[in-house]
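The values are calculated or read from the model by the stated rules, or taken from the named source; none is laboratory data. In this text the structure is predicted, and so the values were computed from the model without any measurement. Every residue, glycine as well, gets a Cβ built from its backbone with ideal geometry; the counts of neighbours run over all protein chains shown. In case anyone asks, the SASA skips ligands and DNA or RNA and just uses the protein heavy atoms, side chains included. Shrake-Rupley method; radii C 1.70, N 1.55, O 1.52, S 1.80 Å.
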Amino acid sequence: MSVAVHPSRAARIRRLALVAAVAAIFVAVAAVVSSSGGSPAPAVSPAQGGGAATDALFTGLEEHGGVLGAPDAPVTVTEFADLQCPVCAEAARRTLPQLIRDRVRTGEVKLDARLLQFIGPDSVRAAQVAAGARAQGRLWPFLAAFYAAQGQENTGYATDGFLRDVAAAAGTDAGRALEYATTADAQDALNQANADAQTHGVDSTPTFLVTGPSGRTRVVAGHDPAALTAAIRAATR
């Protein structure tokens, strides 16, 4: 016995079949990539990611020991981040540039960073090379250049070649940065970041600590520009 199918229902069935077929193709491709050890490339090259905009953002600003801005700025904003964290990259693109322009350049805020490495091996190697950029007074340009070229988590994209290009885009001596990455001082920076995160109960990235002249610290978890601005204003009262 045959059953009549309404034309609109038949069309839906065909669409569902097409979606299922496309999904199957994607699964098959993913399996081939996984079994062959392939990995997606970064979204853009580090050379493209660094660019003139990054240079302009940091031109004329002091950086000492990884702290960006005037040493006597009354408010310190410390960011806990993982270089593989996509939300950290979003904060670097959408929140930090305005913070730097409006509050770091005016001498109200200085920025510090703690690089965590919980996402995977690429996080560890990236943080080690970032420590090499920090030793040259170019940590924050390095972070911006890395985030602008950030690839998919744990795909092995953070090779020494990739990190060398990031360092160059950030105006850092890439060879020195990679050499420094293997030192005990670089590892100490990672250990200190992990210890500070434990001390302050930081369990996600990005997390911002806002400390004012009174010494009181306010914690802003996640990428919430309004909450970060409110914490900075409260710290100055």
Residue-normalised value, i.e. accessible area per residue, for region 81-137 at 1.4 Å probe, in Å², stands at 37 Å²
Cα centroids of region 114-138 and region 71-110: how far apart, whole angstrom?
-> 17 Å
If each of Gln187 and Thr59 carries a label point 7 Å out from its Cα toward its Cβ, how far apart are those two points in nm?
-> 4.1 nm
Positive minus negative residues near Leu116 (Lys, Arg vs Asp, Glu; Cβ under 11 Å) = -3
Can you pull the one-decimal nm distance between simple spin-label points at Arg176 and Glu90, each 7 Å off the Cα toward Cβ?
-> 3.6 nm
Environment charge at Tyr157 (Cβ cut-off 15 Å; Lys +1, Arg +1, Asp -1, Glu -1) | -3
Got a number for the accessible area of Leu209? Probe 1.4 Å, square angstrom, nearest 10.
-> 10 Å²
Taking 0.36 nm per intervening residue step and subtracting the Cα-Cα distance, what contour gain separates His200 from Gln152 on full extension?
-> 14.4 nm
